């Protein structure tokens, strides 16, 4: 369709559109169809392989009405996008499945060769074709489900969407602002942010934050200068590390000895005496003995009665 292209194009997969559809188009777009030459009708759109005989970017509004499920494929939507002007309007109407169909159901209903779409699938196809601003609109009366699929009426409902073609074209370009080059002074990056002007800020003297206690020199801790003997470290004659005082306190503690009653009927105030040295306190009278059961006589094996050295 060369020459003066129509402002509004009705595209359909049927052979003849009802007169009510034409009247609807004239009333829906009065400003674009006022001259009487602003409306064009293309029927049996699928017969030519989906190719529309319309110049590219020459139409303001395209209304694509289909009675066959799956008519608006990616190829069909791409062809419609081709003839629309940037910013143009597209209205698509198609019988959409109320739910997803299994492969067995599609074969049973004779829909194996038909790409059945749901509302979500058609909206996704419109988005992938480059259209934006998808909204649901009222269906055009007079176009429904093709008679071939009349028996599947409860499974399909005609649904219409209105979308816009963006004002930009695919492959369009625009210039980007170059980032400001940061100057370097003597190899050091030099920059200044007015919001971070440190010259106007009052600086705090770090030394003024220290107290007299902070300024005192800490006293060094006494080194452990005691000699190491055969039984470990032992306090020397001139001990200054405190080890001598610790040894004197240990020697002053009375030696705990087991009584006959404690051996025949061992008891524990803390409950840990029978568990072993790892759980006994320093003053435990059972320290050095193997684990035992409380209330039972403590008996030592012959190996424990022999000295190690």
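Here are some notes:
- Protection-proxy order for peptides 132-144, 80-92, 287-299, each taking the mean of Cβ atoms within 10 Å per residue, highest first: 80-92, 132-144, 287-299
- Rounded if a/c under 1.5, otherwise prolate or oblate - the range 8-164, Cα gyration tensor axes: prolate
- Taking 176, 127 and counting other C-beta atoms within 10 Å, the order from fewest to most: 176, 127
- The label point for residue 168 and the one for residue 267, both projected 7 Å from the Cα toward the Cβ, are 9.2 nm apart.
Every number here is computed from the coordinates shown, using simple stated rules; none is lab data. Model, not experiment: these values are computed from the prediction. All Cβ positions, even for glycine, are placed from backbone atoms using ideal geometry, and neighbour counts span all protein chains on display.
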